[in-house]
4 protein chains.
Amino acid sequence: MAETRATQAMRIVKALMHRDRASHSMGIKIISAAVGNCCVEMRIREDMLNGHTTCHGGMLFALADSAFAFACNSRNQRTVIAAAHIDFLRPAVLNDVLRATAIEHTLGSRLGLYDVTVTNQRGETVALFRGKSCPIDGTIIEDLPVIHKARSSAKKLQASKKRSATR
Amino acid sequence: MAETRATQAMRIVKALMHRDRASHSMGIKIISAAVGNCCVEMRIREDMLNGHTTCHGGMLFALADSAFAFACNSRNQRTVIAAAHIDFLRPAVLNDVLRATAIEHTLGSRLGLYDVTVTNQRGETVALFRGKSCPIDGTIIEDLPVIHKARSSAKKLQASKKRSATR
Amino acid sequence: MAETRATQAMRIVKALMHRDRASHSMGIKIISAAVGNCCVEMRIREDMLNGHTTCHGGMLFALADSAFAFACNSRNQRTVIAAAHIDFLRPAVLNDVLRATAIEHTLGSRLGLYDVTVTNQRGETVALFRGKSCPIDGTIIEDLPVIHKARSSAKKLQASKKRSATR
Amino acid sequence: MAETRATQAMRIVKALMHRDRASHSMGIKIISAAVGNCCVEMRIREDMLNGHTTCHGGMLFALADSAFAFACNSRNQRTVIAAAHIDFLRPAVLNDVLRATAIEHTLGSRLGLYDVTVTNQRGETVALFRGKSCPIDGTIIEDLPVIHKARSSAKKLQASKKRSATR
């Protein structure tokens, strides 16, 4: 039986995670992945705290960036981060279990745009991250083709957004 | 019969638009408005073109900023823009009819976060704008109370986002 | 006598300004220009005010964007804006005379980064803008070559920054 | 003999660094500090690499964020990060020795704006970070007063920028 696109995406994300030393050392775990999307989890450890005894902003960014990287590489096209903006809405503290959920917002030939929401175990938003991706040469899994974007999905998203804004 | 929240929001947005000289001079029209949301429209005129004969980035930003301002003032709490980030994805040209749709993403006591999508008449995304709002003293319509945020809406949004990311 | 690089840059900026309908309609004037840099001025008119009777954020952005556009096109390589971030630090009001000063921060083959400071007639900072430029095909003045970047200037800037940070 | 402001700032930064578990675990070292400014250094280790064998974006952000935190807390007013934007200009690789230099750009009563430049051992710019700070209650060293901003420094910076842009 043929492998679905979602299964392929999970396989690609796992292959990338396998090589990602930084995500491993932060204790990041993959919760779910699909084409263009990924959700990861991390528990705040003592060595992630800053001088104010809250989670260092860099660790929150790193968690969001890992979710972003898995989402934008999930099509098997090697992709790196070009820029990101992050808003810190609430502090995270020791032993908080944070989830970062990345969704593909826009994907063009030279630029992708992904939104990542970081929430804590109470469902409160800790940080909002918007990252820009840039494709580079190569694939994550060599013998697998690149999963190209279906044309319609962006327009559907558009339409659903318009509806939600005019309700 | 009591006025609904959505009707109140539209009344507030119209009152603000009435005083907004810049939005008038750009020919901006309100398409729809609800609590925390707004959709506006603008046709690209000759005097909005830059030296490359495409729409000046400032006019695209201004359109998004107007949608943002109507959305974040729609609760009757006077609110101004503190910062914004904009990504220009596609040029707009003479006679394009653009829509800017603003949705409330996060609303706290000191900071609000709104996402605005600017699309053209073919439904293509022209620009993505994320703005931060800051409340100031006063209301838009004096004899109307401020429409406070219902607690649950943010968490519902959260939940629906998680679902969409793990599909 | 040969034309200096600075004189050429001013000639290119003026040629671009000549075609820029939006900058004209906002009453923007070029104060100075050099390779990679530009300073422009604008007086806040009634039709630039928003519903709070302060200058519309879009007009402030547009002023900064014009300075940015003149700075990044001043090398005669046609260049457009890809993204920008703006922080609004202080409101501007009717008849304020604002200056936007753009400086080239980084220039690579695919991306340029420019910082624009908007100040009022009292020298107070009204807004800070950081824009990313993207080169496109073509030149501003056809019979003039592109003014390429001298390698050393970036490193000098670097060095002077380090000094100022360690004072 | 009275302690200079610069010496006080260094003492405050060291006190904050002493409590900062995350900066310690990343091997960050303070190179220099002054009122509103700081320069830190970090060597890229194997556990900082991502799945593409370059430095994880989160580690680059964390380095910049530490420089930012030391700069904005150097006045002894406890201060946290509210938002940041980062542009990644060049990859960093294993054993690169990176420096992050933070300078105070704007400081108001509710918001500060800091620019951080991350460079490698060859003086090349790896990343540009612009962070917004937000003061919270408390001080870093209890028995030391807060070092308030001298009014003139911002205007001097302004003036020097204008000069450099009009050269």
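All of the numbers you see were taken from the coordinates with simple rules; none came from a lab. All figures in this text were calculated on a predicted structure; none of them were measured in a lab. When we count neighbours, we look across all protein chains shown, and the Cβ atoms used for this are built from the backbone with ideal geometry, even at glycine.
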Q) What nm distances, shortest first, do you get from the label point of D:Gly27 to those in the other copies when the point sits 7 angstrom along Cα to Cβ? A) 2.2, 5.9, 6.0
Q: Count the net charge of all other residues whose Cβ sits under 12 Å from the Cβ of A:Leu49, scoring Lys and Arg as +1 and Asp and Glu as -1.
A: -1
Q) Using alpha carbon centroids, what distance separates segment D:30-107 and segment C:87-107, in Å? A) 27
(Q) Using the Cα centre of the protein assembly as shown as the reference point, and only Cβ charges (+1 on K/R, -1 on D/E), how large is the resulting charge dipole? Debye, rounded to the nearest 20. (A) 0
Q: Kindly give the distances from C:Arg122 to its copy-mates, label point to label point, with each label point 7 Å from Cα along Cα→Cβ, as nm values to one decimal ordered shortest first.
A: 4.2, 4.8, 4.9
Q. About its Cα centre, how strong a charge dipole does chain D have in debye, to the nearest 20, once Lys and Arg get +1 and Asp and Glu get -1 at the Cβ?
A. 840
**Q.** Number of partner chain Cβ atoms within 10 Å, mean per residue of B:40-48
**A.** 2
Q: Take the alpha carbon gyration tensor of the protein assembly as shown, find the square roots of its eigenvalues, order them as a ≥ b ≥ c, and report rounded if a/c is under 1.5; if not, report prolate when a/b exceeds b/c, else oblate.
A: rounded
(Q) Please list, in order, the residues from segment C:19-34 whose amide nitrogen is less than 14 Å from a point placed 7 Å along the Cα→Cβ vector of C:Ile141. (A) C:19, C:33-34
Q. What is the minimum Cβ-to-axis distance for chain D, in whole Å, where the axis maps D onto C, and to which residue does it belong?
A. D:His85, 3
Q) How far is helix B:57-73 tilted off the main Cα axis of chain B, in degrees rounded to 10, range 0 to 90? A) 10
Q. What angle do you read, to the nearest 10 degrees and between 0 and 90, between the alpha-carbon axis of helix B:152-166 and the longest principal axis of chain B?
A. 50
Q: Kindly rank A:142-148, D:80-86 from highest to lowest mean number of other beta carbons found within 10 Å of each residue.
A: D:80-86, A:142-148
**Q.** At 7 Å out from Cα toward Cβ: A:Glu3 inter-copy label distances (nm, ascending)
**A.** 5.9, 5.9, 6.1
**Q.** Shielding of A:120-132 by partner chains, average beta-carbon count, 10 Å
**A.** 3
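Among the listed pairs A:Lys14/B:Lys149; A:Lys132/C:Lys149; A:Lys14/D:Lys14, which have their C-alpha atoms separated by more than 31 angstrom in this model?
A:Lys14/B:Lys149; A:Lys14/D:Lys14
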(Q) Could you derive backbone 3J(HN,Hα) for segment A:92-102 from the dihedral phi with the Karplus parameters 6.51, -1.76 and 1.60 (θ = phi - 60°), listing whole Hz in sequence and x where the residue is Gly or Pro? (A) 10, 10, 3, 6, 4, 10, 9, 10, 10, 10, 9
Q | chain B - mean residue ellipticity at 222 nm from DSSP helices (-39,500 (n - 2.57) per run, n ≥ 4, rounded to 500) | A | -10000 deg cm²/dmol
Q) So if R0 is 30 Å, what FRET efficiency would A:Ile31 and A:Cys134 give, r being the distance between their Cβ atoms, rounded to the nearest 0.05? A) 0.70
Q. Considering every residue in B:17-24, what mean count of other chain Cβ atoms within 10 Å of its Cβ is obtained?
A. 5
